[in-house]
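The values are calculated or read from the model by the stated rules, or taken from the named source; none is laboratory data. A quick note: this is a predicted structure, and the numbers were derived from the prediction, not measured. Note that we place each Cβ from the backbone using ideal geometry, even for glycine, and neighbour counts take in every protein chain shown.
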């Protein structure tokens, strides 16, 4: 899919709209093992392929949920680029739900929707994106969450150019 470029001055026009979908990526056993090494989470359901064949319903190891979360920036960047910024900063997430275990060797992708913008101060605003991670071949998402990103505007962009209603102090 083609990356969407949004100038910060125009972002208000994307509220309530689907922004796009990332490319599919496969979560390999090698990636799961490296994540286990990086985090110290060697629970057998993630790394013991022999035991998984007999003891797990899918017969495969299961991807760490935190590995799925760690892939969001990579997939997010495939979908959208916001221009006219000094920088953007992850400010947190709400309503994070892991909806189904993901067997290793499965392909995933991300869908992104801009839910709201909130005025922060003269330099920036917080955008809330609804994230849906899906598994190839399934209609059910495996992860959903609302991610807040602080957008600090470049010096040459005036926040009043971004606001849709000058009388509305919080929601844009």
Does residue 84 satisfy the criteria of being surrounded by 15 or more Cβ atoms within 10 Å (Cβ to Cβ), at positive phi and touching a helix residue (DSSP H, G or I) at 6+ places or on another chain (Cβ under 7 Å)? yes
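Any idea which of 110, 75 is part of a strand (DSSP E or B), at pLDDT 95 or above and crowded, with 18+ Cβ neighbours inside 10 Å?
Working: 75 fails: part of a strand (DSSP E or B).
None of the others qualify; the one that does is 110.
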Checked the range 26-44 for anything closer than 21 Å to residue 137 by Cβ and out of contact with any helix residue (DSSP H, G or I) (no Cβ under 6 Å at 6 or more places or on another chain); matches are 26, 27, 28, 29, 31
If I go through the range 93-107 residue by residue, how many of them are surrounded by 13 or more Cβ atoms within 10 Å (Cβ to Cβ) and over 22 Å from residue 46 (Cα atoms)? 1
Name the single residue, out of those in the range 136-155 being within 15 Å of the chain's Cα centre (by Cα) and crowded, with 21+ Cβ neighbours inside 10 Å, that is farthest from residue 64 (Cα to Cα). 147
Residue 124 is checked against (1) at pLDDT below 95; (2) crowded, with 19+ Cβ neighbours inside 10 Å; (3) within 20 Å of the chain's Cα centre (by Cα) and fails just one. What number does that condition carry? (3)
